[in-house]
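Everything on this sheet refers to the single structure shown next.
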Amino acid sequence: MIIQIRGVTSDNFPEILKLNQQAVPQVSPVGMDALRWFEQKAAYFRVADADGNLAGLLIAVAHDSGYPSKYFNWFCDRYDRFLYIDRVIVAEWARGKRVAWRLFEDVERFASEHSYPLASDVYSHPPNEISLPFHNKYGFQRVGTQRIDNGAKEVTKFLKETGSTPS
């Protein structure tokens, strides 16, 4: 399978909305207005195509984007400069085929070029059984936790200095 990373276009939005909905509750729901906001404000909004089909996406926002998110604001309260990975989604048919890995390599290259550490969070209660081990394997360091929804959910916070990617 040939995986190509490219910039998103608004023509991708219907398929992105569908992929995002299929990934809930591992990622937060998103609507068309949010996608338009990301298109305008996200430092990084790219998709992965595999054999001509949309296989995944990654959206990341910089520390100074004004992103209205309690998850993002946790990092703003603690770090001056970072690139926050808001969501990574891989289509079910493309899982296990290194799509997420390729997206992470690309966003890390982007972050390194702009001197950003990468910030990310993953649901740890209930646990995201795919993303938690992936972050550990990819070299992210745990920097904290955040309880949300009156303690019903917890996210583990991760940070990775850019410049070294495991192979």
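Of I2, I130, I59, the sequence from fewest to most neighbouring Cβ atoms within 10 angstrom is I2, I130, I59. Bridging of K97 to lysines at a Cα separation below 29 Å is possible for K18, K137, K157, K160, once same-chain residues fewer than 8 apart are set aside. The value obtained for the chain, namely the Cα convex hull volume divided by the number of residues, is 112 Å³ per residue.
Per-residue ellipticity at 222 nm computed for the chain from its helices equals -9000 deg cm²/dmol, with DSSP H segments shorter than 4 residues left out and the rest contributing -39,500 (n - 2.57).
In terms of overall dimensions, the range 1-95 has a Cα radius of gyration and Dmax of 13.5, 41 angstrom.
Sorted fewest first by neighbouring Cβ atoms within 10 angstrom, T145, T156, T162 come out as T145, T162, T156. Between R87, R102, R36, the GNM of the chain built on Cα springs shorter than 10 angstrom shows R36 fluctuating the most. Mean-square fluctuation check for the chain, GNM, Cα pairs under 10 Å: which of G151, G66, G96 is largest? Judging by the Gaussian network model, the answer is G151.
A Gaussian network model of the chain, with springs between Cα atoms under 10 Å, assigns the largest mean-square fluctuation among I85, I148, I16 to I148. Once the Cα-Cα distance is subtracted from the 0.36 nm per residue extended length, the L17 to S115 segment shows a gain of 32.2 nm. When exposed loop sites are taken as GluC sites (Glu not before Pro) in a DSSP loop with at most 15 other Cβ atoms within 10 Å, the longest stretch of the chain clear of them is 1-128. Taken as entire DSSP H runs, the helices of the chain that both span 20 Å or more between Cα atoms along their own long axis and average -1.0 or more on the Kyte-Doolittle scale are 99-113. Each part gets one Cα centre, and for the range 76-123 versus the range 1-52 those centres are 13 Å apart.
Any read-out appearing in this document is the output of simple, stated calculations on the displayed coordinates, not a laboratory observation. These numbers come from a predicted model, not from an experiment. Neighbour counts are summed over all protein chains in view; Cβ atoms, including those assigned to glycine, are modelled from backbone coordinates with ideal geometry.
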